[in-house]
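Contents: one structure, followed by commentary.
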Amino acid sequence: MNRTAFVTGATSGIGEATVRTLVASGWRCVATGRRQERLDALVAELGADKVHAACFDVRDTAALDEAIANLPADFAGIDLLVNNAGLARGLEPAQQASLDDWQTMIDTNVTAMVVLTRKLLPVLIERKGAIIALGSVAGSYIYPGGNVYAGSKAFVNHFTLALRADLHGTGVRVTSIEPGMVETEFTLVRTGSQQASDDLYRGSDPMTGQDIADTIRWVAELPPHLNINRLELMPVNQDFAGFRVARNQD
Ligand code: NDP
Ligand code: 8X3
């Protein structure tokens, strides 16, 4: 098999596990992220014939164009786009949140994701490829402090489904994968606190990046006539909270 995946956010967590898993299954991967040393480590581990490192900030459209233009011939025929790069910043209520954090999440999770997708659509259509996006349960269920992160992931969930309609008849498959709690660097990035991250995951038996990577590989390798539209996953120990009621003071 000579298929190539373009995996954003491959320096950590779900994206890094996805590159390892796809390569083990015979794929070539373009691995992207801002941390060059982590991309270099993936290339050293998996081989330069299997992994091409493209180090850039997904919000930088010129850098993205350059990365696409400079793909080596063996990696230029992209069959699968994994829209994974993304982040949350902050858990404060909206009235206390940082506008800089909000802009960072919108620029990364929404704007950069649609720009990259638009740029790779021609090659994906030409090759009857696939798009798998990492939305989130946060895009479907509300929790306090979710605000712009939740909104950005609702956009990812919905934009990905909308692509299905526009790609009607092209043979391109599109899937929105919507996980709950996965233990990665996500919570460290969100809170800036290793302690907060450790506290969240401790004893909860969260999903792992490998769990999601295995799901991505499974979806990517389904027969070409079969499309999973959306897939929601949670650890057994995570479920839904009820509505709250605030009481007026007498
Ligand atoms: P990690 O923090 O472990 O990984 C995030 C990845 O995104 C890193 O490789 C990071 O690379 C990359 N990234 C972030 N910002 C940029 C940027 N500006 N330019 C380029 N790359 C960037 O988190 P996860 O693996 O958990 O998250 C992956 C995706 O999964 C995200 O979209 C997240 O919203 C989603 N998700 C995560 C869940 C969870 O509970 N962990 C649950 C549901 C969805 P670098 O820093 O090197 O640039
Ligand atoms: C991340 C899942 O529940 O931490 O998208 O918001 S959650």
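The values are calculated or read from the model by the stated rules, or taken from the named source; none is laboratory data. All figures in this text were calculated on a predicted structure; none of them were measured in a lab. Backbone-built Cβ (ideal geometry, glycine too); neighbour counts: all protein chains shown. We work out accessible area using only protein heavy atoms, side chains counted, and drop any ligands, DNA or RNA first. Shrake-Rupley method; radii C 1.70, N 1.55, O 1.52, S 1.80 Å.
Looking only at the stretch 67-83, which residues are outside any loop (DSSP other than H, G, I, E, B), more than 12 Å from ligand 1 (Cβ to nearest atom) and farther than 12 Å from Lys119 by Cβ?
Step one: filter the stretch 67-83 for residues outside any loop (DSSP other than H, G, I, E, B), giving 67-69, 73-76, 80-83.
Next cut, more than 12 Å from ligand 1 (Cβ to nearest atom) only: 68-69, 73-76, 80-81.
Passing the criteria: Ala73, Asp74, Phe75, Ala76, Leu80.
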Among the residues of the stretch 68-83, is there at least one that is within 16 Å of Val189 (Cβ to Cβ) and within 15 Å of ligand 2 (Cβ to nearest atom)? no
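Output the number of residues of the stretch 125-145 satisfying the condition of being under 18 Å from Met207 (Cβ atoms) and either more than 8 Å from ligand 1 (Cβ to nearest atom) or out of contact with any Ser or Thr (no Cβ under 6 Å at 6 or more places or on another chain) (or both). So that I can check it myself, show each step before the final result.
So the first thing to find is which residues in the stretch 125-145 are under 18 Å from Met207 (Cβ atoms), and the list is 132-141, 143.
Add one more test, that the residue is either more than 8 Å from ligand 1 (Cβ to nearest atom) or out of contact with any Ser or Thr (no Cβ under 6 Å at 6 or more places or on another chain) (or both), and what stays is 132-134, 136-141, 143.
The qualifying residues number 10.
Please determine, by comparing only the residues of the stretch 189-204 that are aliphatic (A, V, I, L, M) and within 21 Å of the chain's Cα centre (by Cα), which one is most open to solvent (accessible area, probe 1.4 Å). Write out each step before concluding.
Residues of the stretch 189-204 that are aliphatic (A, V, I, L, M), as a first pass: 189, 196, 200.
If we keep only those that are within 21 Å of the chain's Cα centre (by Cα) as well, we get 189, 200.
On the way: Val189: 63, Leu200: 82 Å².
Among those that are aliphatic (A, V, I, L, M) and within 21 Å of the chain's Cα centre (by Cα), it is Leu200.
From the list Ala17, Ala10, Ala94, which residue is open to solvent by less than 40 Å² (accessible area, probe 1.4 Å), hydrophobic (A, V, I, L, M, F, W, C), within 16 Å of ligand 2 (Cβ to nearest atom) and touching a residue at least 40 places away in the same chain (Cβ under 8 Å)? Reasoning before the result, please.
Working: Ala10 fails: within 16 Å of ligand 2 (Cβ to nearest atom); Ala94 fails: open to solvent by less than 40 Å² (accessible area, probe 1.4 Å).
So the residue among Ala17, Ala10, Ala94 that is open to solvent by less than 40 Å² (accessible area, probe 1.4 Å), hydrophobic (A, V, I, L, M, F, W, C), within 16 Å of ligand 2 (Cβ to nearest atom) and touching a residue at least 40 places away in the same chain (Cβ under 8 Å) is Ala17.
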Residue pairs qualifying under the 9 Å Cβ cut-off, at least six apart or on distinct chains, with the first in the stretch 115-130 being more than 19 Å from Ala220 (Cα to Cα) and the second being basic (Lys, Arg), are Val115/Arg59
Taking first residues from the stretch 144-168 that are in contact (Cβ under 8 Å) with a residue 12 or more places away in the chain and closer than 16 Å to Arg118 by Cβ and second residues anywhere that are away from ligand 2 (no atom under 12 Å from the Cβ) and open to solvent by 50 Å² or more (accessible area, probe 1.4 Å), the pairs with Cβ under 9 Å that are 6 or more apart or on different chains are Phe155/Ile106; Thr160/Asn229; Thr160/Arg230; Arg164/Asn229; Leu167/Ile125
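Residues checked against (1) of a type outside the set (Ser, Thr, Tyr); (2) out of contact with any Asp or Glu (no Cβ under 9 Å at 6 or more places or on another chain); (3) free of Cβ contacts under 8 Å to residues at least 40 places away in the same chain:
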{"position": "Glu178", "(1), (2), (3)": "yes, no, no"}
{"position": "Asp199", "(1), (2), (3)": "yes, yes, yes"}
{"position": "Gln210", "(1), (2), (3)": "yes, yes, no"}
{"position": "Ala213", "(1), (2), (3)": "yes, no, no"}
{"position": "Pro224", "(1), (2), (3)": "yes, yes, no"}
{"position": "Glu232", "(1), (2), (3)": "yes, no, no"}
